[in-house]
Amino acid sequence: MPEEKPSQSLNISGGQFSGGVQVGQAGRDLAQTQKIVSGSTEKQLTVAEVVELISQIENLFETSDLLKDQKEKAIKHLESAKEEAQAKEPDKDFATKSFQRATKVLKEANEAVGAGEGLWKKLEPVAIQLAPWLGVAAKTLLFM
């Protein structure tokens, strides 16, 4: 007579999952329930708010101590992100990549000559506000 195994329970809440998530696996007698609650308690940003946040970031770059060509390169990427945000159906992946390219310029400048150290601290709170609209984590935007 086979030995009876005790039942097991697993509860996951408050997380974000992407792709197909396999929570359990068993040879037999597995009951798995998946409950997805959509919607967020966070207020979704409007296009105007997204454009304003990107404009704030552009201003941070314009007034930074970065070299002129570094500023221009970063701002060019931010303008692409802003333009995409204003599209009828914005490609948020494209906007994210453009934003990441801008922050990469800052990271490279910081590593090379220490320029822009204070800019990271000013950029982070704005990126945190913008990240949910893009559907990514702020760390992803900032390459930290």
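Count of segment 120-135 residues, restricted to those that are open to solvent by 60 Å² or more (accessible area, probe 1.4 Å) and without any contact (Cβ under 8 Å) to a residue 40 or more places away in the chain, is 4. Each residue in segment 46-89 was checked for being assigned to a loop (DSSP other than H, G, I, E, B), β-branched (Val, Ile, Thr) and within 17 Å of TRP120 (Cα to Cα), and 1 of them qualify. Write out, first by first residue and then by second, each pair whose Cβ atoms fall under 6 Å of each other, whose residues are 6+ apart or on separate chains, and whose first residue, in segment 55-80, is at negative phi while the second is basic (Lys, Arg) and surrounded by 14 or more Cβ atoms within 10 Å (Cβ to Cβ). Every condition considered, the pairs that remain are LEU60/LYS122; PHE61/LYS71; HIS77/ARG101.
Given the condition at pLDDT 90 or above, not in a helix (DSSP H, G or I) and not hydrophobic (A, V, I, L, M, F, W, C), answer yes or no: does some residue in segment 90-105 qualify? Within segment 90-105, one or more residues are at pLDDT 90 or above, not in a helix (DSSP H, G or I) and not hydrophobic (A, V, I, L, M, F, W, C).
Just one residue in the set GLN32, GLN44 is open to solvent by 60 Å² or more (accessible area, probe 1.4 Å), within 15 Å of the chain's Cα centre (by Cα), at pLDDT below 90 and not small (Gly, Ala, Ser); that residue is GLN44.
Scanning segment 91-101 for residues that are without any contact (Cβ under 8 Å) to a residue 24 or more places away in the chain and surrounded by fewer than 20 Cβ atoms within 10 Å (Cβ to Cβ), we see that the one that is farthest from the chain's Cα centre (by Cα) is ASP91.
The values are calculated or read from the model by the stated rules, or taken from the named source; none is laboratory data. Computed from a predicted model, the values in this text were never measured in an experiment. Virtual Cβ from ideal backbone geometry, glycine too; neighbours counted across all protein chains shown. The accessibility values were calculated without ligands, DNA or RNA, using every heavy atom of the protein model including side chains. Shrake-Rupley method; radii C 1.70, N 1.55, O 1.52, S 1.80 Å.
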